[in-house]
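Got a structure here, written out as structure tokens. Questions coming.
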Amino acid sequence: MGTQEEEALALAERFVAAIECGDIEGVKACYAPDAKIWHNFDNVDQSVEDNLKVLGWMSGVLENRKYNIMRRVAIPGGYLQQHVLTGRIVKSGTEFSMPACLVVHVEDGRIKRLEEYLDVGQAAALRG
């Protein structure tokens with residue numbers, strides 16, 4: 001594996017670690033300033049700032065967040081990650097589990113575009 005692939009996978013590790021511990025500034029540092037975040041359920045390109053708001057909200061409603069990585073591989077220009085996000089919903093105390101897939105495009109060592117595929121029905125459990 002070449003340096004570019006190794007850098008993409010190291011970025012993936014930093015990105016997930018920051019989300020797990022609620023480090024919003026750490027997440028922001030992984031994104032290019034003009035990065036776009038797309039979700040399959042709304043087909044809209046979200047800005048970094050809007051994505052950080054969602055992740056900040058998630059930090060408050062889902063404790064013990066853990067990304068159980070099923071597969072993470074370097075692909076040309078970035079990486080692909082399949083994972084199951086788990087945690088406990090603060091409001092109800094119930095366990096949460098949601099499989100998802102990310103296709104991430106990396107440019108100059110930062111996330112330029114992130115495409116997230118998930119079941120919005122499962123994500124709705126976080127809203128209570």
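Coordinate-derived values only; no laboratory data. Nothing here was measured: the structure is a model prediction, and the numbers come from that model. Cβ: placed from backbone, ideal geometry, glycine included. Neighbour counts: every protein chain shown.
Got a sec? Which of Ile75, Ile69 is out of contact with any helix residue (DSSP H, G or I) (no Cβ under 6 Å at 6 or more places or on another chain), farther than 27 Å from Thr94 by Cβ and touching a residue at least 24 places away in the same chain (Cβ under 8 Å)?
From the options Ile75, Ile69, the qualifying one is Ile75.
In this structure, does Tyr67 turn out to be within 22 Å of Ala124 (Cα to Cα), among the hydroxyl-bearing types (Ser, Thr, Tyr) and under 12 Å from the mean Cα position of the chain (by Cα)?
The answer is yes for Tyr67.
A further question follows. Quick check, is Leu85 within 21 Å of Arg127 (Cβ to Cβ), in a helix (DSSP H, G or I) and free of Cβ contacts under 8 Å to residues at least 60 places away in the same chain?
The answer is no for Leu85.
Could you tell me which of the residues Glu13, Glu49, Glu20 is on the phi < 0 side of the Ramachandran plot, touching a strand residue (DSSP E or B) at 6+ places or on another chain (Cβ under 8 Å) and acidic (Asp, Glu)?
None of the others qualify; the one that does is Glu20.
If you don't mind, there's one more thing I want to ask. Considering only residues that are more than 13 Å from Ile19 (Cβ to Cβ) and among the hydroxyl-bearing types (Ser, Thr, Tyr), look in region 45-88 and name the one that is surrounded by the most Cβ atoms within 10 Å (Cβ to Cβ).
Checking each candidate, the answer is Tyr79.
Only one of these is of a type outside the set (Val, Ile, Thr), over 20 Å from Ala100 (Cα atoms) and either touching a helix residue (DSSP H, G or I) at 6+ places or on another chain (Cβ under 7 Å) or part of a strand (DSSP E or B) (or both): Lys36, Lys28. Name it.
Lys28
Next up: Which ones in region 88-128 are in contact (Cβ under 8 Å) with a residue 40 or more places away in the chain, part of a strand (DSSP E or B) and within 16 Å of Val27 (Cβ to Cβ)?
Within region 88-128, Val104, Val106, Arg110, Ile111, Lys112, Arg113, Leu114, Glu116 qualify.
Scan region 19-40 and report the pairs whose first residue is more than 25 Å from Gln122 (Cβ to Cβ) and whose second residue is β-branched (Val, Ile, Thr) and part of a strand (DSSP E or B), with Cβ atoms within less than 7 Å and a gap of 6+ or a chain change.
Ala32/Ile111
Can you tell me which of Asn51, Asn43, Asn64 is among the polar types (S, T, N, Q) and in a helix (DSSP H, G or I)?
Asn51
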